[in-house]
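To start, the structure itself, in structure tokens.
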Amino acid sequence: MNLEERFYQEFGIKSEYKYRAPARINLIGEHIDYNGGKVLPCAISKYITALVSKRNDNIISISSTEIDKHFELNLSCIEYQKEYDWGNYVFGMFYTLLNEGYNISCGLNILVSSDIPLASGLSSSAALLDLICFLTNDIFNLKIENRDIAILAQKCENDFCGLKSGIMDEAAIALGKENKCMLLDCAKFEYKYYNLELNDYSFVVLKTNKPRKLVESKYNERVEECTKALNILKPIYDIENLCDLSTTELVNIKDYLNDDLLYRRVKHVITENNRVNEFIKALQDRKIDHLANILNDSHLSLKNDYEVSGMHLDAIVESAIHAGALGSRMTGAGFGGCAIALIKKSDFNGFKAKVEKEYFEKTNIIPDIFVVKIANGPKVLNNSKKP
Ligand code: GLA
């Protein structure tokens, strides 16, 4: 049964609109978007798709082809409820738009279908938020720019869903460009694109198949630790964000903080921001070995100082290096999920087999390893109701 038939089966009418939004990977700049840092993500060719039809009432009715749960809510009384599960991202986006004064004149039937693995660090939730905002914008002609879609989606994730995330995922998805990575200055929300043409080399995604656990609580804990450190350092350095600090200050910062855990968190943040600048230089100079070393340093910093990796991510990164990757690191929030590796394109099959073997020996889990294309942001696939 195709998606259109499934929609008909679910809602008893034909769908009128079809949209999709991509997932993302982050090449470098991890856990620094909420510290005013620079990050380098790109949208990838894994997608969440939505079929939609308008309703005659004010009900938002949602179904998913992956999760067998159907939810309905009236636009006039949306509230967060744990049992709505993924539905909170959909309802929350409508809540956020209404709260911001946008006019949504009727309810919708929405069927979503996704090949973005859930809870895997590829931002399935930001993709869903961006997608819902994008389709609502299109259907009701709300005139929201893609840049503002990212801001609204982040607002929803922070205020409605309760994750104190930065802007990276929503921006990477809303503003994704084919074959380009996006250097995003999260303090200013300024961005520019760089070609990701690596000739014989390519990035691959390594999915640990260890679902992320505790990610919300641990993520918010890291945000709080950074806020605590910033509050101590702000009056001393007259800074807005931790990423305004430079690595030369690290020795003094250690004394000022006088707390090993906070120091290690700040050390990661400052050195990671530095790595983003170095990565851009290496990318422009096409220094593949240098790019790879930066990836490896980033992983160590996330593992030892920021402590957001974990047994499975470490095992897959280590297996990737043993299998011939030039560099590898976890990507996204961590605590399970995915890593990326930089490999020689022609080595892919051998690389995949070796990582699968070593990772399985270490964890008893078969990983998924795949090549992705760097993709465009959200797209209208079919819009039968518009001229
Ligand atoms: C999650 C968040 C992002 C970012 C990353 C870590 O994906 O949603 O804002 O903080 O973690 O870099």
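The values are calculated or read from the model by the stated rules, or taken from the named source; none is laboratory data. Predicted, not measured: the structure shown is a model, and the values here were computed from it. Don't worry about glycine lacking a Cβ; one is built from the backbone with ideal geometry, like all the others, and counts go over all protein chains shown. These accessible areas exclude ligands, DNA and RNA; they are computed on the full protein's heavy atoms, side chains included. Shrake-Rupley method; radii C 1.70, N 1.55, O 1.52, S 1.80 Å.
In table form, for the structure just shown:
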{"item": "Tally, over segment 221-255, of residues that are open to solvent by 30 Å² or more (accessible area, probe 1.4 Å) and more than 16 Å from the ligand (Cβ to nearest atom)", "result": "18"}
{"item": "Members of segment 271-310 found to be of a type in the set (D, E, K, R), open to solvent by 10 Å² or more (accessible area, probe 1.4 Å) and within 16 Å of the ligand (Cβ to nearest atom), listed by number", "result": "Arg275, Asp297, Lys303, Asp305, Glu307"}
{"item": "So Ile365, is it more than 30 Å from Asn195 (Cβ to Cβ), of a type in the set (A, V, I, L, M) and open to solvent by less than 70 Å² (accessible area, probe 1.4 Å)", "result": "yes"}
{"item": "Flag if Ile139 is part of a helix (DSSP H, G or I), among the β-branched types (Val, Ile, Thr) and in contact with a Cys (Cβ under 6 Å, 6 or more places away or on another chain)", "result": "no"}
{"item": "Search result, residues across segment 166-220 that are within 16 Å of the ligand (Cβ to nearest atom), modelled with pLDDT under 95 and part of a loop (DSSP other than H, G, I, E, B)", "result": "Pro211, Arg212, Lys213, Leu214"}
{"item": "Candidates Leu128, Leu122, filtered to the one that is within 24 Å of Pro22 (Cβ to Cβ), part of a loop (DSSP other than H, G, I, E, B) and within 16 Å of the ligand (Cβ to nearest atom)", "result": "Leu122"}
{"item": "Selection from segment 8-33 of residues that are of a type in the set (Gly, Ala, Ser), more than 14 Å from the ligand (Cβ to nearest atom) and either in a loop (DSSP other than H, G, I, E, B) or more than 30 Å from Glu79 (Cα to Cα) (or both)", "result": "Gly12, Ser15"}
{"item": "Filter result (more than 8 Å from the ligand (Cβ to nearest atom) and either closer than 15 Å to Ile78 by Cα or open to solvent by less than 40 Å² (accessible area, probe 1.4 Å) (or both)) within segment 155-165", "result": "Cys156, Asn158, Asp159, Phe160, Cys161, Gly162"}
{"item": "So Leu142, is it touching a strand residue (DSSP E or B) at 6+ places or on another chain (Cβ under 6 Å), within 28 Å of Leu108 (Cβ to Cβ) and either more than 15 Å from the ligand (Cβ to nearest atom) or of a type in the set (S, T, N, Q) (or both)", "result": "no"}
{"item": "Where Asp289 falls short, out of the listed (1) modelled with pLDDT of 95 or more; (2) under 24 Å from the mean Cα position of the chain (by Cα)", "result": "(2)"}
{"item": "Out of Leu163, Leu175, sole residue that is farther than 14 Å from Ile48 by Cα and touching a strand residue (DSSP E or B) at 6+ places or on another chain (Cβ under 7 Å)", "result": "Leu175"}
{"item": "Residues satisfying the stated conditions in segment 34-64, i.e. touching a helix residue (DSSP H, G or I) at 6+ places or on another chain (Cβ under 6 Å), within 16 Å of the ligand (Cβ to nearest atom), in a strand (DSSP E or B) and of a type outside the set (A, V, I, L, M)", "result": "Lys38, Pro41"}
